[in-house]
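The next block holds one structure in the form of C-alpha cells; read it before the comments.
The values are calculated or read from the model by the stated rules, or taken from the named source; none is laboratory data. None of the values given here were measured: they were computed from a predicted structure. Cβ: placed from backbone, ideal geometry, glycine included. Neighbour counts: every protein chain shown.
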Amino acid sequence: MPEVETQLLGGTANRGLVVRVGDTVRRPLRPSSTATHALLQHLERVGFSGGGNGAPTLLGVDAQGREVLSFLPGETVTPPYPDWSMTDAALDSVAQLLRRYHSAVAGFDPDTFEWAEPVPPAYVEGMVSHNDPNLDNVVFRDGVAVALIDFDLAGPGSALWDVATAIRLWAPLRPDADINDPRRGRALTRLRRFADSYGLGEADRLRLVDAAALNHVWCMDYVRRGAETGHPWFRQRWTTGEADLTDRTNHWFTTHASALRQALLS
C-alpha cells in the first residue's frame with residue numbers, strides 16, 4: 001500500500017510542503033540541513049529528545065529527498081489561540097523547556113557547519129540557539145510545553161537571544177492595540193514572569209530589552225527579504241499588515257524601553 005501523506009500546516013517558509021506519514025514528518029531539505037541534522041543528533045545523544053519529547057528525532061532522508069523526522073504528538077498554538085495556551089502556567093513551561101534546551105545544546109560545536117540566518121554578532125556567544133520559538137513551534141501536552149520543533153533558523157547565537165525571541169512572541173512585546181487575545185495589557189507582567197521562570201541572570205536582564213527590540217528588527221527583515229525575493233507566503237504576510245505592524249512595534253519598543261527594563265529589574 002502507498003504511504004498516506006497528510007499535509008501539516010507548517011510555518012511561513014514551508015507552508016504546504018510539510019506532511020505527516022504515519023509516525024513521521026517529511027520536510028524539504030535546505031542548505032543548512034546538514035547543520036540542523038547534526039544538532040538534532042546531538043540533542044538525541046544527550047537525552048534531550050526521544051520518546052516524543054524535547055525535539056524531533058532525525059530518521060533519515062526519503063526517496064523524494066525530504067528529511068524524515070519523528071512525529072511529536074501534542075498541540076501547537078495557532079489562531080484562534082486556545083485559553084490554556086494563554087495562561088501563566090503555559091508561559092512558565094515554555095521558559096523551562098527553553099532552559100532545558102540550552103543546557104542540552106551547550107556541548108555542541110557549531111563551527112564546522114553552514115547555518116541559515118546569522119544573528120547579530122553581539123548575541124553570538126558560543127551556543128546554537130533555536131532562534132524561532134514561536135507559538136506554533138512549541139509542542140504542548142496537557143497544557144505543558146514538552147518539545148521544540150522547526151529548527152530551520154537554528155544557528156550560532158546565545159541563550160539571551162533565544163529568551164529575547166521567545167518573550168517577544170509569548171508576552172507578547174508589541175502595542176496593546178495589536179494584541180487581540182487575553183494577553184492584552186499583561187506584557188510587562190509576562191515579560192517578568194518569563195525571565196523569572198527561565199532563571200535569567202541580572203547581567204542578561206540588563207540586556208534583554210535591547211535584545212528583544214533588535215530581535216524584532218532581525219525577524220521582520222527576514223520576512224521582508226523573503227517577500228522581496230518572491231516567496232508567496234512571505235509576500236502575503238508582509239503586504240497584509242506586517243510592514244505596518246513592524247513600524248508600530250519598533251516605535252513601541254522605543255517609547256516603552258524604560259518601563260520594560262523596570263519590570264525586569266524591580
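Quick look at the numbers
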quantity: Test for residue 174: is it in contact (Cβ under 8 Å) with a residue 24 or more places away in the chain and not in a helix (DSSP H, G or I); calculated: yes
quantity: Which listed residue is in a helix (DSSP H, G or I), of a type in the set (A, V, I, L, M, F, W, C) and modelled with pLDDT of 95 or more, from 212, 243; calculated: 212
quantity: Residue that is nearest to residue 204 (Cα to Cα), among those in region 116-131 that are touching a residue at least 40 places away in the same chain (Cβ under 8 Å) and crowded, with 21+ Cβ neighbours inside 10 Å; calculated: 123
quantity: Residues of region 62-94 classified as among the aliphatic types (A, V, I, L, M), surrounded by fewer than 20 Cβ atoms within 10 Å (Cβ to Cβ) and in a strand (DSSP E or B), total; calculated: 1
quantity: Scan of region 126-147 for residues that are part of a helix (DSSP H, G or I) and closer than 17 Å to residue 70 by Cβ, ordered by number; calculated: 137
quantity: Lone unmet requirement of (1) part of a strand (DSSP E or B); (2) at pLDDT below 95 for residue 59; calculated: (2)
quantity: Hey, residue 40 buried (at least 20 other Cβ atoms within 10 Å of the Cβ) and not assigned by TED's automatic domain parsing to the domain that holds residue 187 or not; calculated: yes
quantity: Sole residue being part of a loop (DSSP other than H, G, I, E, B) and surrounded by fewer than 19 Cβ atoms within 10 Å (Cβ to Cβ), chosen from 30, 100; calculated: 30
quantity: Neighbours by Cβ (under 6 Å, 6+ apart or cross-chain): first from region 49-61, farther than 18 Å from residue 20 by Cα; second part of a strand (DSSP E or B); calculated: 54/147
quantity: Residue within region 116-124 that is assigned to a helix (DSSP H, G or I), touching a strand residue (DSSP E or B) at 6+ places or on another chain (Cβ under 7 Å) and at pLDDT 95 or above present; calculated: yes
